[in-house]
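Each value in this text was obtained by applying a stated rule to the coordinates, not by laboratory testing. Values in this document were obtained by computation on a predicted structure and should not be read as measured data. Neighbour counts are summed over all protein chains in view; Cβ atoms, including those assigned to glycine, are modelled from backbone coordinates with ideal geometry.
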């Protein structure tokens, strides 16, 4: 698949956190617009950033070449106003999608953060490429709270191929979590959205994560399931014989199952609330 890549200059890189994110975070930061992973359930497909595009989601990426420069300037302005800066990276793209290997926009932002640290940084990704920047994360951890949240919606490769065939492999994501956990980075497994998994899924996460985040297509799409419905998720589940997993109470059932392996304080369930800094 051909992906249209453009270099752009963004007016701002820090956006005010809204919706469920405004509880635990003050700002979101997206190093790119668009995402080459092209997950079928991605709620961003239903947002204006894609609605006004002629090119399908997953086939275009805009590189914000001045992202690090913007971050420095905006962070300094916020500090002069004595504003807290709790950053969620990223809410509408993956900061470690394939183009990052060459463009290094996310790496540049992390380098700027070492110089001008936020109070809190949570990185949300599904890519083991984050291990490339482990040196920067360890250094940044000295001056601010750092959380790495790896999306692992399922432990079944066949399910991944149905819903997110272009995303990195599950085993590679698990290895990345393990490595980050070993060097002292606070790690989270984001089961977001919940997709069908095997009974052994919780065991795969034992000892490599500090927290588990459970989210669903009904809650996590930002419109109580309406965006997921427009994206055809009920039909995709049904045609693959998976309708039992497309239920509004699936997060409750998954939480109960994971509580057999993990203590309550390690599990956070999305109920239209942000991932908290502290429970």
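Taking a point 7 Å from the Cα of residue 119 along the Cα-to-Cβ direction, the residues of the range 57-84 with backbone N closer than 14 Å to it are 78-84.
Compute the FRET efficiency between residue 229 and residue 49 as 1/(1 + (r/R0)^6), taking r as their Cβ-Cβ distance and R0 = 22 Å, and round to the nearest 0.05.
On the way: r = 20 Å, r/R0 = 0.90.
Plugging the Cβ-Cβ distance into 1/(1 + (r/R0)^6) gives 0.65.
Please compute the Kirkwood hydrodynamic radius over the range 140-201, one decimal place, Å, based on all pairs of different Cα atoms. Kindly include the intermediate steps, with their values, before the conclusion.
Values: mean 1/r = 0.0793 Å⁻¹.
With all distinct Cα pairs of the range 140-201 included, I get 12.6 Å.
Can you tell me what share of the DSSP beta bridges in the chain is antiparallel? A percent to the nearest 5 is fine. So the antiparallel bridges amount to about 15 percent of the total.
Arranged from fewest to most other beta-carbon atoms within 10 Å of their beta carbon, 200, 62, 215, 94 become 200, 62, 215, 94.
Among 230, 80, 107, the largest mean-square fluctuation in a Gaussian network model of the chain, built with springs joining Cα atoms closer than 10 Å, belongs to 80. Quote the FRET efficiency, to the nearest 0.05, computed for residue 244 versus residue 206 with a Förster distance R0 of 45 Å and r equal to the Cβ-Cβ distance. With R0 = 45 Å, the Cβ-Cβ based efficiency is 0.95. Each principal axis of the Cα cloud of the chain was evaluated for its coordinate range; sorted largest first, these ranges are 52, 45, 31 Å.
With the chain treated as a Gaussian network of Cα nodes joined by springs under 10 Å, which of 123, 214, 267 yields the largest mean-square fluctuation? The residue with the greatest mean-square fluctuation here is 267. Taking each residue as 0.36 nm, the span from residue 138 to residue 166 lengthens on full extension beyond its C-alpha to C-alpha distance by 7.2 nm. Contact order for the range 2-81, expressed relative to its length and based on alpha carbon pairs under 8 Å spaced 6+ residues apart, stands at 45 percent. Can you give the helix-only mean residue ellipticity at 222 nm for the chain, where every DSSP H stretch with n ≥ 4 adds -39500 (n - 2.57) and the sum goes over all residues, rounded to the nearest 500 deg cm²/dmol? The helix-only estimate for the chain comes to -8000 deg cm²/dmol at 222 nm.
If contacts are Cα pairs under 8 angstrom and at least 6 residues apart, what is the relative contact order of the chain in percent?
Numbers: 500 pairs, mean separation 49.3, N = 279.
Normalised by residue count, the contact order of the chain is 18 percent.
Highest GNM mean-square fluctuation among 45, 156, 253, for the chain modelled with Cα contacts below 10 Å: 253.
Starting from 0.36 nm per residue, how many nanometres of slack lie between residue 73 and residue 11 once their C-alpha separation is accounted for?
21.2 nm
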